[in-house]
Amino acid sequence: MLTDPACKNAYCPPDKTRVRLTDSGGLYLEVAPNGSKRWFWKYYFADKEKRLALGSYPTVSLKAARTARDDARKVQQSGTDPALRRQLEKLGNKAEQANTFEAVAREYHSTRKGAVSPLYSARWLERMEKDLFPWLGTLPLAGITAPLLLQVLRRVESRQAIETAHTLRQAAGQVFRYGIATGRCERNPAPDLNGALKPVVVKHMSAVLEPEKAGALMRSMAEYAGQPATRAALQLSALLFQRPANIRMMEWVELDLEAALWTIPAAKMKRTVHGKTNGRPHMVPLSTQAVAVIKDMQPLTGHGKFVFPSLITGERPLSENTVNTALRRMGYGKEEMSAHGFRSMARTIMAERLPGIPVDVIEAQLAHGKSGPLGMAYDRAEYMQQRRQMMQTWADYLEQLRTGAKVIAMTSRAA
């Protein structure tokens with residue numbers, strides 16, 4: 001029988017491979033020349049001699065080693081090989097670790113990288129790491145219930161990040177659906193939280209929507225005393241009503257002023273990764289007024305890449321805040337008008353004041369996804385002539401508003 005002092009003082013001479021100090025019931029301590037000491041239990045199963053590692057000394061004490069031996073003997077006496085039982089437990093632990101919420105979420109994230117934009121992918125994982133992994137990450141996916149998920153989302157709500165809480169619920173739902181598909185769980189608790197979170201108050205982009213106010217805005221832009229590039233960006237925002245990012249990143253190579261056409265590459269459009277890679281470019285017909293504004297910029301920036309280069313360095317486009325800052329300098333508050341608001345202004349006023357323009361033509365110019373069974377497979381190229389007429393009608397109408405002409409409903413040339 002071994003004692004604690006014997007275990008502590010045990011050593012292996014340099015000329016030997018190992019030394020075994022026996023205890024009882026097949027338990028022994030194996031000492032190596034380098035000083036390491038390991039517990040083993042020798043036993044027989046199916047008429048074969050086997051041994052089971054029980055840990056290292058002194059991490060596993062003599063008393064603990066004897067307890068482990070006794071537990072393994074009970075397994076043996078039940079008709080199961082203790083070594084096989086341990087292998088199965090290790091496999092089970094490994095599988096359990098692979099089935100945690102964080103492990104499944106990261107696996108799902110890796111499978112989706114090529115299908116979404118890098119920015120969306122990074123933001124998705126960033127939200128998970130900040131708000132869900134610290135509380136749910138180590139839990140088995142199958143064990144997470146709706147009340148538990150709600151409790152975590154309530155933490156996000158408590159800091160008034162209501163929209164983020166809803167976004168996280170949707171993201172968690174994606175993980176659970178992937179877990180169901182891969183056999184990690186049987187149900188998705190996220191839909192059970194419908195109505196449990198505080199509602200998101202939708203706030204529309206601030207925009208000028210009345211013709212009289214639009215006329216005042218056009219006059220303010222024409223009289224803007226700031227940088228010429230900023231004034232031109234403001235004017236084209238109104239005339240072309242494209243997304244602010246597309247306006248500020250307009251490149252000279254994208255423009256054909258003789259054909260009065262701006263071709264925005266698919267990669268610059270607000271689309272899925274597939275749409276950016278395989279989709280058509282977005283064609284923007286230019287009115288005579290828009291062409292004039294762009295030609296005025298040629299002597300200033302025509303030698304560079306961007307029509308509206310950064311005021312600090314021409315190697316980058318205009319800052320995303322420049323147009324909004326200019327609107328503030330002109331006296332338009334955040335609740336009155338924004339760079340994105342030019343799209344709403346055009347969409348609303350055209351629908352109300354320029355009769356005869358089909359909604360599909362306006363939506364095509366806005367580059368909005370087409371609804372219905374055909375979806376984005378619908379060929380918008382057939383609208384080019386209508387859009388060209390519409391853009392000139394819109395520019396003429398804005399010019400009337402700017403000069404203070406009587407505001408009446410115009411008959412669209414696209415009718």
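If PRO189 satisfies every condition in (1) under 22 Å from the mean Cα position of the chain (by Cα); (2) open to solvent by 20 Å² or more (accessible area, probe 1.4 Å) but one, which is the exception?
Against the list (1) under 22 Å from the mean Cα position of the chain (by Cα); (2) open to solvent by 20 Å² or more (accessible area, probe 1.4 Å), PRO189 comes up short only on (2).
Name the residues in segment 351-372 that are assigned to a helix (DSSP H, G or I) and either open to solvent by 10 Å² or more (accessible area, probe 1.4 Å) or farther than 22 Å from ALA232 by Cα (or both), would you?
Selection gives ALA351, GLU352, ARG353, VAL359, ASP360, VAL361, ILE362, GLU363, ALA364.
Scan segment 154-178 residue by residue and report those that are open to solvent by 20 Å² or more (accessible area, probe 1.4 Å) and in contact with a Phe, Trp or Tyr (Cβ under 8 Å, 6 or more places away or on another chain).
Those that are open to solvent by 20 Å² or more (accessible area, probe 1.4 Å) and in contact with a Phe, Trp or Tyr (Cβ under 8 Å, 6 or more places away or on another chain): ARG155, GLN174, TYR178.
What pairs come out if I take residues in segment 102-118 that are touching a residue at least 12 places away in the same chain (Cβ under 8 Å) and pair them with residues that are assigned to a helix (DSSP H, G or I) and of a type in the set (Ser, Thr, Tyr) whose C-beta lies under 6 Å away, six or more apart or interchain?
Correct list of pairs: TYR108/TYR178.
State which residue pairs qualify: first residue open to solvent by 50 Å² or more (accessible area, probe 1.4 Å) and modelled with pLDDT under 95 and inside segment 135-153, second residue outside any helix (DSSP H, G or I) and not β-branched (Val, Ile, Thr) in any location, beta carbons under 6 Å apart, and separation of 6 or more residues or different chains.
So the pair list comes out as PRO140/ASN99; ALA142/CYS185.
Go through (1) in contact (Cβ under 8 Å) with a residue 24 or more places away in the chain; (2) farther than 23 Å from GLU254 by Cβ; (3) surrounded by fewer than 19 Cβ atoms within 10 Å (Cβ to Cβ) one by one and return the number of the condition LYS295 breaks.
Condition (2) is where LYS295 drops out.
A quick yes/no check of all residues on (1) outside any loop (DSSP other than H, G, I, E, B); (2) under 15 Å from GLN77 (Cα atoms); (3) at pLDDT below 90:
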position	(1), (2), (3)
PRO13	no, no, no
LYS16	no, no, no
ARG20	yes, no, no
TRP41	yes, yes, no
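How do the helices (runs of 4 or more DSSP H) wholly within segment 253-348 filter down when requiring 2 or more residues that are closer than 28 Å to LYS213 by Cβ: which remain?
Fully inside segment 253-348 and qualifying: 288-301, 322-329.
Please enumerate the residues belonging to segment 28-50 that are in contact with a Lys or Arg (Cβ under 8 Å, 6 or more places away or on another chain) and over 19 Å from MET1 (Cα atoms).
Residues satisfying the conditions are ALA32, PRO33, TYR44, GLU49, LYS50.
Tell me which residues, restricted to segment 53-71, are assigned to a helix (DSSP H, G or I) and either of a type in the set (Ser, Thr, Tyr) or under 14 Å from SER24 (Cα atoms) (or both).
Residues satisfying the conditions are LEU62, LYS63, ALA64, ALA65, ARG66, THR67, ALA68, ARG69, ASP70.
Is it true that GLU223 is surrounded by fewer than 20 Cβ atoms within 10 Å (Cβ to Cβ), out of contact with any Lys or Arg (no Cβ under 8 Å at 6 or more places or on another chain), closer than 21 Å to GLY331 by Cα and at pLDDT 90 or above?
The answer is yes for GLU223.
Only one of LYS37, LYS90, LYS48 is more than 30 Å from PRO140 (Cβ to Cβ) and open to solvent by 70 Å² or more (accessible area, probe 1.4 Å). Can you tell me which?
After applying the criteria, what remains is LYS48.
Pairs under 6 Å by beta carbon, first residue touching a residue at least 12 places away in the same chain (Cβ under 8 Å) in segment 26-48, partner open to solvent by 80 Å² or more (accessible area, probe 1.4 Å) and assigned to a strand (DSSP E or B), six or more apart or different chains?
Within 6 Å, the pairs are GLY26/LYS42; TYR28/ARG20; TYR28/THR22; GLU30/ARG20; GLU30/ARG38; PHE40/ARG51; LYS42/ARG51.
Among the listed residues GLY356, GLY302, GLY341, GLY331, which satisfies the condition of being touching a Ser or Thr at 6+ places or on another chain (Cβ under 8 Å), more than 26 Å from TYR383 (Cα to Cα) and in contact (Cβ under 8 Å) with a residue 12 or more places away in the chain?
It is GLY331.
Out of all the residues in segment 122-130, is one or more open to solvent by 60 Å² or more (accessible area, probe 1.4 Å), among the acidic types (Asp, Glu) and either more than 22 Å from the chain's Cα centre (by Cα) or more than 25 Å from LYS270 (Cα to Cα) (or both)?
yes
The values are calculated or read from the model by the stated rules, or taken from the named source; none is laboratory data. It should be emphasised that the depicted structure is a prediction, and the values quoted were computed from it without experimental measurement. Positions of Cβ are backbone-derived with ideal geometry, glycine not excepted, and every protein chain shown enters the neighbour counts. Ligands, DNA and RNA are excluded from the accessible area calculation, which covers all protein heavy atoms including side chains. Shrake-Rupley method; radii C 1.70, N 1.55, O 1.52, S 1.80 Å.
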